[in-house]
Amino acid sequence: MNFQYRVEIVDENMEISKGIYKLSLSGKFKGVPGQFYMLKTYGLNPLLPRPISIHDIHENKISFLYSVVGEGTKFLSQLRKGEQLQILGPLGKGFNVENIKGKAAIISGGIGIAPMLYLSKNLKVSTLHLYAGFRDEVYGIDDMKKYTDKIYLTTENGNTGVKGYITEIFNPSSYDIVLCCGPEKMMMKTVKLCKEYNVPIFVSMEKHMACGIGACLVCTCKTKNGNRRTCKDGPVFLGEDVIWDA
Amino acid sequence: MLNVNIAGVNFKNPIIAASGTFGFGQEYSSLYNVSKLGAITTKGLTLHPREGNNGLRIYETPGGMLNSVGLQNPGVIRFIDEELPRMKRLGTKIIANFGGCTIDEYIKGIELLNQTDVDMIELNISCPNVKYGGMAFGVKSSIAYQVVREAKSCCKKPLMVKLSPNAEDIVDMAFRCCEGGADALSLVNTFKAMEIDIHKRKPVFENIYAGLSGPAIKPVALRMVYDVSKAVNIPVVGMGGITSAKDAIQFIMAGAHAVQIGTANFIKPDICLDILSGIQEFMEKEGIKDISEIRGIA
Ligand SMILES: Cc1cc2nc3c(=O)[nH]c(=O)nc-3n(C[C@H](O)[C@H](O)[C@H](O)COP(=O)(O)OP(=O)(O)OC[C@H]3O[C@@H](n4cnc5c(N)ncnc54)[C@H](O)[C@@H]3O)c2cc1C
Ligand SMILES: Cc1cc2nc3c(=O)[nH]c(=O)nc-3n(C[C@H](O)[C@H](O)[C@H](O)COP(=O)(O)O)c2cc1C
Ligand code: FES
């Protein structure tokens, strides 16, 4: 276990699309694709840190891509360059890039795109296709062009790409493996699709967390092998193992 | 001097990690030296393994959080075989938190723990009582008295009874637990509480109710520790929303021998060490030689 608790200084925190921010810290950071950090702004409000995936790591920099959905992410978005951020990580089990081979598809819904840049950069597959679904604005895919062979987009209003949900245009039949992150319903659908075609799929689960390190058991994901801690045994699970909350 | 003696157990300092927030100590020990703690309390154990509750298990509220973990744990036997040997290596005292759904379960669990080298048993009486339609043992003093008496009669370890703030009368509850033979008391457990999802138009938790912890409960918990400490003559361990040395000192001045830190561990994983060094600093500044000098002084 190689995680650490540190207080870092914000290097950059920029709105890159409506309500979507990219926050960077400079320094040396560890982590594999699919792992996350717990981020906490100063003070007791909000009380708990927020789990955010590694978006990218460079030699001297880490970045996070996040969507403002409530109070915690709003406070994060208000951080300016030079202000403090408490971080705990890298946490959890990410994607096992060594074992992912052949023709692969990444499928993401909304901010589920966040961990996919660092993942696509590190994958050693023969072909990589990205299927990314968004509500209206598209973000986070420009950086991924370099690492993917083809990108398919959907938006719910049809502004960019195909109008509809990403699960409607995704056919797993030609892939050896699928990697997925997004809202729970979307991941559930994708797992079902992959099951029909017998294609293995890994999903990155989002459960509400407190400790982030496996001690409090609030983030339990039910699986066919029993209860698993999303923060420590996950967040990446084999899709067929997950028992979905209705 | 920071060490405290509670029911014959010597703790190197009064900072104890609270049950359910610290697992079995392993995760936090990879972040910092947990041997600096006075003790670690285990996740709440039950006789048989428990899967815990379904659905959402946590909901953050202003200054607090609701949890509905539902006592997920490996059961006392696997705890003894797998977790305890590793826990022993952490270099601090171990308090086994144990609860049951029937008096028989309490007795069987204690008999198993008697044969181990845990330093103390913390009896969790906030568990739902099967015989009384699921109402917690710790609500009515007469029922709590029975559990404590039965538990004490078979317990070979120092027995600390953990009180629920949902007790009908916390002082009477404390009295009756003393009468039943408790060697020490700890309080408080979480407050029974709820939240409603206004879009789904129903309670947030499948279980409807959940337990409130964190800074939001501190002044109420402090009042309860104050009242109970004045009323009983056995050691009291205080907890509920402690996040700073100041909070911890307040509980000690209210009469607590030691304090437990729960939710605060989530805010900053090594917060127990900050609290400990903050207490030391305070003692130096105020010329306090022994922590007992300020116990119950308020
Ligand atoms: C492993 C993991 C990785 C994640 N990576 C990212 C990422 O890279 N970018 C990003 O934008 N979001 C990510 N999320 C989701 C992000 O953690 C939540 O959007 C965020 O916690 C919401 O906090 P809030 O206070 O703004 O919202 P609120 O809804 O007000 O939060 C209330 C409480 O619910 C929790 N919560 C709410 N939604 C979620 C959720 N989807 N997942 C987990 N907890 C939630 C919060 O932590 C908080 O305790 C990730 C979640 C997990 C579990
Ligand atoms: C996630 C969580 C799990 C808990 N599990 C237990 C438990 O298994 N047994 C128990 O006696 N108390 C349990 N508690 C209660 C705490 O030990 C403590 O009494 C309570 O949270 C109040 O202290 P705090 O405000 O410092 O957290 C739990 C609390 C939390 C937040
Ligand atoms: S968040 Fe505490 S165990 Fe996962």
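Where a number appears in this text, it was derived from the coordinates with a stated rule and is not lab data. Predicted, not measured: the structure shown is a model, and the values here were computed from it. Don't worry about glycine lacking a Cβ; one is built from the backbone with ideal geometry, like all the others, and counts go over all protein chains shown.
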Contour minus Cα-Cα span, B:Asn54 to B:Arg78, at 0.36 nm per residue, comes to 6.4 nm
Exposure proxy check: B:Phe11, B:Phe175 ranked by fewest other beta carbons within 10 Å?
-> B:Phe175, B:Phe11
Loop-located trypsin sites (Lys or Arg not before Pro) in the range A:24-105, at most 14 other Cβ atoms within 10 Å (DSSP) = A:Lys28, A:Lys30, A:Arg80, A:Lys81, A:Lys101
Debye-sum result for the protein assembly as shown in log10 I(q)/I(0), which assumes one identical scatterer on each alpha carbon, at q = 0.10 Å⁻¹ | -0.83
The ratio Rg/Rh over the Cα atoms of the range A:6-91, Rh being the Kirkwood inverse mean 1/r radius, stands at 0.92
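Just how large is the dipole of chain B about the Cα centre, in debye to the nearest 20, putting +1 at every Lys and Arg Cβ and -1 at every Asp and Glu Cβ?
Result for chain B is approximately 180 debye, rounded to the nearest 20.
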Just add up the charged neighbours of B:Thr46: K/R +1, D/E -1, any other residue whose Cβ is under 12 Å from the Cβ of B:Thr46.
-> +2
Cβ-based charge dipole, chain B, positive-most Cα from B:Met283, B:His48, B:Asn13 = B:His48
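How large is the charge dipole for the protein assembly as shown, taken about the Cα centre, if only the Cβ atoms of Lys, Arg (+1) and Asp, Glu (-1) carry charge, to the nearest 20 debye?
Values: 62 positive and 54 negative charges, 105 e Å.
Here the protein assembly as shown has a charge dipole of around 500 debye.
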Equivalent ellipsoid, the range A:68-112 (semi-axes from 5 times Cα gyration tensor eigenvalues, Å) = 31, 16, 9
Counting DSSP beta bridges with both partners in the range A:97-241, what percentage is antiparallel, nearest 5?
-> 25
Give me a single rounded figure for B:50-62: the average over its residues of other chain Cβ atoms within 10 Å of their Cβ.
-> 5
Cα gyration tensor of chain A, axes a ≥ b ≥ c as square roots of the eigenvalues: rounded (a/c below 1.5), prolate (a/b > b/c) or oblate?
-> prolate
Pick out which of A:Tyr165, A:Tyr197, A:Tyr21 has the largest mean-square fluctuation in a Gaussian network model of chain A, springs linking Cα atoms closer than 10 Å.
-> A:Tyr197
Expressed as a percent, the portion of alpha-carbon pairs in the range B:65-159 spaced more than 16 Å apart is 57
With springs only between Cα atoms under 10 Å, which of A:Cys231, A:Cys180, A:Cys211 fluctuates most in a Gaussian network model of chain A?
-> A:Cys211
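In square nanometres, what is the average projected area of the Cα convex hull of the range A:69-150?
7.2
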Specify the residue with the greatest mean-square fluctuation among B:Ser164, B:Ser186, B:Ser35, computed from a Gaussian network of chain B linking alpha-carbon atoms under 10 Å apart.
-> B:Ser35
Spin-label point model (7 Å from Cα, Cβ direction): what's the B:Ala298 to A:Ile9 distance in nm?
-> 3.9
Tilt of helix A:184-196 relative to the longest C-alpha principal axis of chain A, in degrees (0 to 90, nearest 10)?
-> 30
Computed label-point distance, nm, for sites B:Lys246 and A:Gln78 using a 7 Å Cα→Cβ extension | 2.1
Take chain B, compute every pairwise Cα distance, and split them into 5 Å bins from 0; I just need the percent in each bin.
-> 1, 6, 13, 17, 20, 18, 14, 7, 3, 1, 0, 0
Net charge of neighbours whose Cβ lies under 13 Å from the Cβ of B:Met239, counting Lys and Arg as +1 and Asp and Glu as -1 = 0
Can you pick out the pairs among A:Lys74/A:Lys232; B:Lys36/B:Lys246; A:Lys61/A:Lys146; B:Lys36/B:Lys268; A:Lys18/A:Lys192 whose Cα atoms lie more than 23 Å from each other?
-> A:Lys74/A:Lys232; A:Lys18/A:Lys192
Summing -39500 (n - 2.57) over the DSSP H runs of n ≥ 4 in chain B and dividing by its residue number, what mean residue ellipticity at 222 nm do you reach, to the nearest 500 deg cm²/dmol?
-> -8500 deg cm²/dmol
Pairs of alpha carbons in the range B:121-209 whose separation is greater than 24 Å (percent) | 26
Tell me, what is the percent relative contact order of the range A:6-91, built from C-alpha pairs under 8 Å that lie six or more residues apart?
-> 41
For chain A, with the dipole built from +1 on Lys and Arg beta-carbon atoms and -1 on Asp and Glu ones, taken about the Cα centre, which of A:Gln4, A:Ala104, A:Ser204 lies farthest toward the positive end?
-> A:Gln4
Between A:Asn45 and B:Ile208, what is the label-to-label distance in nm when each label sits 7 Å out along the Cα-to-Cβ direction?
-> 3.2
Loop-resident trypsin sites (Lys or Arg not before Pro) in the range A:203-242 with no more than 16 other Cβ atoms inside 10 Å, DSSP not H/G/I/E/B, are A:Lys224
The range A:97-241: translational diffusion in µm²/s, Stokes-Einstein, Kirkwood Rh over Cα pairs, 4 °C, 1.567 mPa s = 83
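About its Cα centre, how strong a charge dipole does the range A:97-241 have in debye, to the nearest 20, once Lys and Arg get +1 and Asp and Glu get -1 at the Cβ?
Value, rounded to 20: 320 debye.
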Residue order, fewest to most surrounding Cβ atoms within 10 angstrom, among A:His129, A:His58 | A:His58, A:His129
Among the lysines, which have Cα under 24 Å from the Cα of A:Lys189 when same-chain residues fewer than 8 positions away are ignored?
-> A:Lys93, A:Lys101, A:Lys103, A:Lys150, A:Lys163, A:Lys207, A:Lys222, A:Lys224, B:Lys200
Nearest 0.05, what FRET efficiency do A:Lys150 and A:Lys224 give at R0 = 41 Å with Cβ-Cβ as r?
-> 0.80
Considering only chain A, what is the antiparallel percent among its DSSP beta bridges, to the nearest 5?
-> 60
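Find out how many positive minus negative residues lie around B:Lys157, taking Lys and Arg as positive, Asp and Glu as negative, among other residues whose Cβ is under 12 Å from that of B:Lys157.
-2
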R0 = 56 Å: FRET efficiency of B:Glu111 with A:Lys163, Cβ-based, nearest 0.05?
-> 0.25
